[in-house]
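> I am attaching a structure below and will ask some questions about it afterwards.
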Amino acid sequence: MTMANGERTYQFNALTDLWTGDLNGKSGRLITTGLLGSIRWWFEVLVRGLDGNACDATDTKCEDRNHCVVCELFGCTGWARKFRFEVLDENSGTKTNQIKQNQTFSLCFTPLRPIRVEEWTLLGATLRLIAEYGAIGGKTVFKPTDEQSRAGKLHHKDYGLVQMVSSQQFDGTDRGDLGKYLSKWRKLNHGEFAWASLQHFWCVNGKYLGRQDNNKSTFNQLLGRQEAKNQGQQLATRNDGIARWLAGSQQESKKVFSFKDPARTFGFVNPRLIDFNAMKQRLTNAWGQNGWNFLAGDKIIHQLFAGKEDRS
Ligand SMILES: [Zn+2]
């Protein structure tokens with residue numbers, strides 16, 4: 001068994017402010033549990049994308065030694081997290097206030113118990129996934145807007161885009177090794193969470209969806225909210241279902257996220273409702289044919305695990 005037990009520190013540059021407060025209250029303080037929860041969520045997405053099994057942390061059945069590969073590293077009832085998590089400022093001091101745009105910060109993971117090389121590889125890939133294709137923090141649920149009067153409102157502000165400053169570490173663990181490692185852990189029925197997998201994830205860097213004025217919103221257009229009204233009953237009902245799933249609700253996550261500055265749009269598909277081709281068609285309706293690149297599923301997985309030579 002290969003262990004690597006020094007601490008690992010990953011340095012980032014905040015491209016936007018990060019939401020590091022609690023979900024309901026003030027954003028000024030830095031509460032590390034929100035960031036760690038977000039990292040765990042993307043770790044789960046990566047694990048499912050690699051055909052591993054990850055429990056839903058909000059409704060986990062993992063306990064003690066009977067737990068999934070994600071709980072093995074991040075902990076669950078009766079099983080402690082394997083590392084100490086710290087957020088450091090540019091001087092390597094503990095960061096206690098909100099991470100603001102253009103600040104440099106580091107995420108430091110110090111092993112409290114042995115961490116396997118596969119776990120480090122998955123963690124490093126998770127952080128690159130967040131930086132290159134996703135977002136981090138509690139509030140990634142806002143829609144951008146082109147309307148100046150609305151632009152200052154909190155719910156249209158971009159949060160959570162980061163750039164990784166540290167270079168990629170190669171531990172010699174490839175996708176095949178990870179597959180072998182993941183297959184050893186507790187099997188789960190992902191059920192309603194099956195969509196939250198890198199296999200169903202897509203991203204377009206450099207483009208955003210938003211509200212242009214009172215009558216036009218490319219975000220609503222993508223969800224299919226406007227079209228539904230003018231269609232036949234059956235098609236309208238089906239499209240309503242897709243729109244509801246993509247938009248999410250109080251209890252359930254949205255499946256499309258868009259950021260204006262810097263521009264990035266990403267989301268998830270659900271093969272039973274809307275696949276990559278249908279999603280790409282909707283994006284084409286919003287942005288036209290050219291000038292953007294739809295990255296999805298396996299292509300992103302390949303990029304994350306490409307060797308030193310392959311990486312483009
Ligand atoms: Zn678990």
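> A 26 angstrom limit on the alpha carbon distance is what I want to check against. Which of Lys61/Lys82; Lys82/Lys187; Lys82/Lys254 exceed it?
Values: Lys61/Lys82 19 Å; Lys82/Lys187 21 Å; Lys82/Lys254 30 Å.
The answer is Lys82/Lys254.
> Would you mind finding the longest exposed-site-free stretch of the chain, with exposed trypsin sites (Lys or Arg not before Pro) meaning DSSP loop and at most 15 other Cβ atoms within 10 Å?
On the way: sites that count: Lys26, Lys61, Arg65, Lys100, Lys153, Lys184, Lys187, Lys216, Arg272, Lys308, Arg311.
Between the exposed loop sites, the longest stretch runs 217-271.
> Another question, then. Could you grab the relative contact order for the chain? Cα pairs under 8 Å, six or more apart, rounded to a whole percent. All intermediate terms of the calculation are to be shown ahead of the outcome.
Details: 557 pairs, mean separation 67.9, N = 312.
22 percent.
> In addition: Enter the accessible area of Asp89 (Å², nearest 10), with the probe set to 1.4 Å and all protein chains included.
Counting only protein heavy atoms, Asp89 exposes about 40 Å² to solvent.
> In whole Å, how far is the Cα centre of the stretch 268-293 from that of the stretch 56-76?
34
> Give me the one-decimal nm value for the distance between modelled label points at Arg244 and Asp174, 7 Å along each residue's Cα-to-Cβ direction.
Computed distance between label sites Arg244 and Asp174 equals 4.6 nm.
> Once fully extended, how much extra length lies between Val117 and Met164, figured as 0.36 nm per residue of separation less the alpha-carbon to alpha-carbon distance? Walk me through the numbers on the way to the answer.
Numbers: separation 47, 0.36 × 47 = 16.92 nm, distance 2.05 nm.
Contour length minus the Cα-Cα distance gives 14.9 nm.
> To test your reading of the geometry: what angle, between 0 and 90 degrees and rounded to tens, separates the Cα axis of helix 32-49 from the longest principal axis of the chain?
The two axes meet at around 80 degrees.
> Something else about it: Compute the acute angle (0 to 90°) between the alpha-carbon long axis of helix 276-287 and the principal axis of greatest extent of the alpha-carbon atoms of the chain; round to the nearest 10°.
60
> Another question, then. If one puts a single equal scatterer on every Cα of the chain and applies the Debye formula without solvent, what log₁₀ I(q)/I(0) results at q = 0.06, 0.12, 0.15 Å⁻¹?
-0.20, -0.84, -1.32
> Let me ask something else. Taking 0.36 nm per intervening residue step and subtracting the Cα-Cα distance, what contour gain separates Gln234 from Asn205 on full extension?
Working: separation 29, 0.36 × 29 = 10.44 nm, distance 3.44 nm.
Here the answer is 7.0 nm.
> Additional query: How high is the FRET efficiency between Asp298 and Ser183 when r is their beta carbon distance and R₀ equals 22 Å, given to the nearest 0.05?
Working: r = 18 Å, r/R0 = 0.84.
E(calc), rounded to 0.05, equals 0.75.
> Before I look further, what does the stretch 48-119 give for accessible area per residue, probe 1.4 Å, in whole square angstrom?
46
> When the chain is fully extended, how far beyond the present Cα-Cα distance does Asp51 get from Gln212, taking 0.36 nm per residue of separation?
Details: separation 161, 0.36 × 161 = 57.96 nm, distance 3.95 nm.
Result: 54.0 nm gained on full extension.
> Could you pull out the pairs from Lys100/Lys260; Lys180/Lys280; Lys216/Lys299; Lys184/Lys255 whose alpha carbons sit more than 28 Å apart here? Before the final figure, lay out the partial values.
Working: Lys100/Lys260 16 Å; Lys180/Lys280 33 Å; Lys216/Lys299 32 Å; Lys184/Lys255 30 Å.
The pairs that break the limit, which is 28 Å between Cα atoms, are Lys180/Lys280; Lys216/Lys299; Lys184/Lys255.
> While we're here: Would you work out the charge dipole size for the stretch 200-301 about its Cα centre, treating the Cβ of every Lys and Arg as +1 and the Cβ of every Asp and Glu as -1, and quote it to the nearest 20 debye?
Numbers: 15 positive and 7 negative charges, 16 e Å.
Here the stretch 200-301 has a charge dipole of around 80 debye.
> Right, something else. Just to confirm the number: angle between the C-alpha axis of helix 117-133 and the first principal axis of the chain, 0 to 90 degrees, nearest 10?
30
> Turning to a different aspect of this structure: So which chymotrypsin sites (Phe, Trp or Tyr not before Pro) in the stretch 156-228 are both in a DSSP loop and have at most 16 other Cβ atoms within 10 Å of their Cβ? It would help to have the intermediate numbers written out before the result.
Numbers: sites: Tyr159, Phe170, Tyr181, Trp185, Phe193, Trp195, Phe201, Trp202, Tyr208, Phe219; in loops: Tyr159, Phe170, Trp185, Trp195, Tyr208.
Listed in order of number, the matching sites are Phe170.
> Here's another thing I want to ask about it. Have a look at Gly137, Gly248, Gly172 and tell me which one the Gaussian network model of the chain (Cα, springs below 10 Å) gives the largest fluctuation.
Ranking Gly137, Gly248, Gly172 by mean-square fluctuation puts Gly172 first.
> Right, next: Please report, as a whole percent, how much of the solvent-accessible surface of the stretch 200-301 comes from carbon and sulfur atoms (probe radius 1.4 Å).
Working: 2270 of 5270 Å².
Ligands and nucleic acids excluded, carbon and sulfur reach 43 percent.
The values are calculated or read from the model by the stated rules, or taken from the named source; none is laboratory data. Keep in mind that this is a model prediction, so the values were computed, not measured. Reconstructed Cβ throughout: ideal geometry from the backbone, glycine too, with neighbour counts over all protein chains shown. The area values use the complete protein model at the heavy-atom level, side chains included, leaving out ligands, DNA and RNA. Shrake-Rupley method; radii C 1.70, N 1.55, O 1.52, S 1.80 Å.
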